[in-house]
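Down below is the structure, laid out as structure tokens.
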Amino acid sequence: MKKAAIFIVEDELIAAEDIRQTINTLGYSVSGIARSGEVAIEKVRETRPDLILMDIHLAGTMDGIEAARQIHSLFGIPVIYITAHADDELLERAKVTEPYGYILKPYDERELHSVIEMAQYKHRMEQQLQESERTIRALANAIPDAMMLLDPKRHIIALNEPMAQRLDQNSWQVMGSPVAEFNRDGSLNNVFNRLDAVIEDSRSVQFEQKDGDRWYEITLYPIPDIDRSLTRIAVQYHDITDRKEFEDQLKKEGVSQIEHNMEQFQILNDQIRNPLQAIMGYIDLDCIQFRPHIGEQIKKIDNIITRLDRGWVESEKVRNFLLRHYRHDRGNMTDGNKHPSEGGQT
């Protein structure tokens, strides 16, 4: 494994040399030494060490805390404070810079080694976490669905770019804000009305909503903690406009096709039943001796007509179902088709 490169910021030459020797003894390398915060920032920019040991009281106008703050902001390199001073006011200032350790002089070699190792481990874990967060965010932003996470108090914890665009906000501006602040047009009312059920019952809720000319399938689902207590509520908007348009087209074409079939049933009924009546009349006049045989064939044809009648009835049921289900208004269409038995001869 590559040895960690450590940069030392110490204004006392003897102390700096002592730290350098200790660092080398512990198996690390020293990438440089600086006596002031200003010089430290420039050298760190050039050398990019793995870790910095920073004295708080330094030569020059910039102290170690300010130097650490700038280094943390500019380069994200972990800093360990090593100093002989440890009053409360100093500690409070140092906390703001998010140090990875704090060692008091005179330090113990084993203590220094432990703090350095822990700082490196913590930094590696933070880098992995940041990489995971970047990956998750990239994946979330790649999804066209608008998504956000809320806490039980309905504050926004996280959201992807499609959701930020939907709220007409920058993602970093809304973090931690109550989601109610962005419901100016009332488009989130249906979400609010169902959040209580998700929070109280820990169950998912799904519904459809039309916003402008777009249809959305909105899903709210709880995300429990390890102890199964509710810590997050996910909100997802899935655009179903294409599906709705397809369903609408399907219902229109379906009703039209059924009506066409019903018209054909009626035509066939008339075309068959009327000639049959004429045939029966001819039999009565001239073909009494052939009536039983012809009557048997007519019964077969009549059975076919009966099945056509049943098909007409079933088609009417399907048609009425489509009209009721999709609420498709087609004027007087419901009165435009009569059963063949109502219009034809029997």
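By the gyration tensor of its Cα atoms, with a ≥ b ≥ c the square roots of the eigenvalues, what is the shape of segment 123-233: rounded for a/c under 1.5, prolate for a/b over b/c, or oblate?
oblate
Using the Karplus equation 6.51 cos²θ - 1.76 cosθ + 1.60 (θ = phi - 60°), what ³J(HN,Hα) coupling, rounded to whole Hz, does each residue of segment 91-105 give in order, writing x for Gly and Pro?
Couplings: 5, 5, 5, 5, 4, 4, 7, 6, x, 9, x, 8, 10, 9, 7 Hz.
Normalise the Cα radius of gyration of segment 1-71 by 2.2 N^0.38 Å (N = residues in it) and let me know the number. Present the calculation step by step, with values, prior to reporting the outcome.
Details: Rg = 11.5 Å, N = 71, 2.2 N^0.38 = 11.1 Å.
Segment 1-71 yields a ratio of 1.03.
Debye sum, Cα scatterers, segment 30-175, no solvent: what log₁₀ I/I(0) at q = 0.14 1/Å?
One equal scatterer on each Cα of segment 30-175 leads to -0.79.
Under a 5 Å amide H to amide H cut-off, with H placed in plane at 1.01 Å, what residues pair with Ile82 once short-range neighbours are removed?
Sorted by chain and number, the residues that satisfy this are Met54, Asp55, Ile56, Ile103.
How far apart, in nm, are the 7 Å Cα→Cβ label points at Arg48 and Gln173?
Calculated label separation equals 3.4 nm.
Measuring with a 1.4 Å probe in the full set of protein chains, what accessible area per residue, in whole Å², belongs to segment 1-137?
Value for segment 1-137: 57 Å² per residue.
Pop out the carbon and sulfur fraction of the accessible area of segment 1-115 as a percent, whole number, probe 1.4 Å.
Whole-percent figure for carbon plus sulfur exposure: 51.
For Glu131 and Asp225, compute 0.36 nm times the residue count separating them, minus their Cα-Cα distance, and round to one decimal in nm.
31.6 nm
Can you give the alpha-carbon Rg of segment 109-167 over 2.2 N^0.38 Å, where N counts its residues? If you can, show how the numbers build up before the last one.
On the way: Rg = 17.8 Å, N = 59, 2.2 N^0.38 = 10.4 Å.
Its radius of gyration relative to the 2.2 N^0.38 Å reference: 1.72.
Once phi is turned into θ = phi - 60°, what whole-Hz ³J(HN,Hα) does the Karplus curve with 6.51, -1.76 and 1.60 give for every residue of segment 13-18, x standing for Gly and Pro?
Calculated HN-Hα couplings, in order: 4, 5, 5, 5, 5, 5 Hz.
Just read off the accessible area of Glu200 with the full protein assembly in place, 1.4 Å probe, to the nearest 10 Å².
140
The values are calculated or read from the model by the stated rules, or taken from the named source; none is laboratory data. Every value quoted in this text rests on a predicted model; they were computed, and no experiment measured them. So basically every Cβ, Gly included, is an ideal-geometry build from the backbone, and we count neighbours across all protein chains shown. Surface accessibility is based on the protein's heavy atoms, side chains included, excluding ligands, DNA and RNA. Shrake-Rupley method; radii C 1.70, N 1.55, O 1.52, S 1.80 Å.
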